[in-house]
Amino acid sequence: AADAECVAIDAGDVAGLAAFAEKMQPDLTVVGPELPLVNGIGDAFRDRGWAIIGPSKQAAQLEGSKIFAKEFLQRHNIPNGKMYGALESAQDAYDALHKATFPVVIKADGLCAGKGVLVAHHLDEARGFIGRVMEKNELGAGGKRVLLEEAFQGDELSFIFLTDGKSYAPLVPTRDHKRVYDGNQGPNTGGMGAYSTDDLLPEPLRKTILATIVEPTLAGLAAEGIPYQGFLYVGLMLTSSGPKVLEFNCRLGDPETQAIVARMDFDLADVLQDVASGNLQTSKLRWRPGASACVVLASGGYPGRFEMGKKIEGLTGAEQITGVKALHAGTQRVGDEIFTSGGRVLGVTSVGPTLGAALGSAYAAAEKIHFERMHYRKDIGRRASSLRASGN
């Protein structure tokens, strides 16, 4: 029997989602994508008395606008990179490049499905990206404005916490792999894999992140009268001068969620009900020791124009490997068969006593799955190491 039913309502259609909720009267709604949050689903559902995990429309601007987030960080002295400009025209952006130190980070201001950021190493590369985003409108409305900022060197880390607006509870840290190809080559994606281990974040560094980033962020939101309830994802760069904020997401990340949920040793629904009622009990969050890993299997052409409708084979054999789950993302069932229907198709997720064991199982499962022009990174977790050096 199926565990869930997929309903064909556009994720950004808050009115349509509210109409469906009116009919179903859900006990709890958990928002996965960013678009409904930015469109105000949190406010719409709370106004109707429905419990929901997700921030207000105003708070969701932390993800919905890179410029809003940058200015928030600077107002509250939260560690981040130097800003070279928040630009509203291509010419202004071209001019600002001459004041920047390369490499420079260029971010489209709005939502771009994880494809609106470029680390440009030279002027021609930067100008080309700005032209595509602001003059050719390749990213649509998300590229009407751009942010230029300093590029950092260091290790990236995804730090996600859960808050009821008063208390907060960190989840286990994860590391994502954004680039499409091995060795961090190629364009950015929504994420090609992630892992979580016990030693990924040493305690001194964890305390620094909480004291200098997490707590000031929550205090800043409260000071500005912006209520926040739900997950807050902080993308960090662990630099030689300490952790710096790269971005905020107002939801669980993908594929970080797969790695996090695999290590949960508590009833997530129970904890989320507490959050929605403003009564988060941090002691309920307990974690399995060891490690987890997720390897994303993607369609041919992704992250560009990708192919769909390819038959997927080998799923049963993959899930017979101990500790493995093949989590569906861009798939659809036709009769008794499964076909691709998106760019990132499956998240092959595994747990184990060590990262090597978790990765070994995930890759063994990935090798059993096949669809035409399937591709995935072979180096998820390869650079895994303790981050103690960054925490000194």
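Every number here is computed from the coordinates shown, using simple stated rules; none is lab data. As the structure is a prediction and not an experimental result, all values here were calculated from the model. Every residue, glycine among them, receives a Cβ derived from its backbone with ideal geometry; neighbour counts consider all protein chains shown.
Region 295-367 to region 179-203: how many Å between their Cα centroids?
So the separation of the two Cα centres works out to 17 Å.
Give me the distance in nm between label points sitting 7 Å out from Cα along the Cα-to-Cβ direction at Asp13 and His98, one decimal.
4.9
Which residues' amide hydrogens lie under 5 Å from the amide hydrogen of Leu246, considering only partners 5 or more residues apart or on another chain, with H built in the peptide plane?
Gly235, Leu236, Met237
So who's got an amide H within less than 5 Å of the one on Lys378, skipping anything under 5 residues away but keeping other chains? H placed 1.01 Å off N, in plane.
Asp182
For the pair Glu215 and Lys284, what calculated FRET efficiency results from E = 1/(1 + (r/R0)^6), where r is the Cβ-Cβ distance and R0 = 30 Å, to the nearest 0.05?
Values: r = 21 Å, r/R0 = 0.69.
According to the calculation, E is roughly 0.90.
Which of the three applies to region 124-238, rounded, prolate or oblate, going by the alpha-carbon gyration tensor with a ≥ b ≥ c and a/c under 1.5 meaning rounded? Can you show the working numbers first?
Details: a/c = 2.27, a/b = 1.39, b/c = 1.63.
The shape class here is oblate.
Just need the relative contact order of the chain here, percent rounded to a whole number, with Cα pairs under 8 Å and 6+ apart.
Dividing the mean separation by the residue count of the chain yields 16 percent.
By the gyration tensor of its Cα atoms, with a ≥ b ≥ c the square roots of the eigenvalues, what is the shape of region 98-159: rounded for a/c under 1.5, prolate for a/b over b/c, or oblate?
Details: a/c = 2.26, a/b = 1.19, b/c = 1.89.
Oblate, because a/c is 1.5 or more while a/b does not exceed b/c.
DSSP loop (so not H, G, I, E, B), at most 14 other Cβ within 10 Å: list which trypsin sites (Lys or Arg not before Pro) in region 284-392 pass both filters. Walk me through the numbers on the way to the answer.
Working: sites: Lys284, Arg286, Arg305, Lys310, Lys311, Lys325, Arg333, Arg344, Lys368, Arg373, Arg377, Lys378, Arg382, Arg383, Arg388; in loops: Arg286, Arg305, Lys310, Arg373, Arg377, Lys378, Arg382, Arg383.
For trypsin sites (Lys or Arg not before Pro) across region 284-392 that sit outside H, G, I, E and B with at most 14 neighbouring Cβ atoms in 10 Å, the list reads Arg286, Arg305, Arg373, Lys378, Arg382, Arg383.
Please go through the residue pairs Lys82/Lys115; Lys166/Lys284; Lys66/Lys244 and name each one whose alpha carbons sit more than 19 Å apart in this structure.
Working: Lys82/Lys115 22 Å; Lys166/Lys284 16 Å; Lys66/Lys244 15 Å.
Long pairs (Cα-Cα over 19 Å): Lys82/Lys115.
If neighbour count is taken as other Cβ atoms inside 10 Å, put Met237, Met308 in order from fewest to most. The partial results should precede the final answer.
Working: Met237 21, Met308 16.
Ordered by Cβ neighbours within 10 Å, fewest first: Met308, Met237.
Mean-square fluctuation check for the chain, GNM, Cα pairs under 10 Å: which of Ala113, Ala259, Ala69 is largest?
Maximum among the listed residues: Ala113.
For region 54-87 and region 240-277, what is the separation of their C-alpha centers, rounded to whole Å?
Using only Cα atoms, the two centres lie 20 Å from each other.
Note the full-extension length gain between Phe266 and Arg179 as 0.36 nm times their separation in residues minus their Cα-Cα distance, in nm to one decimal.
28.1 nm
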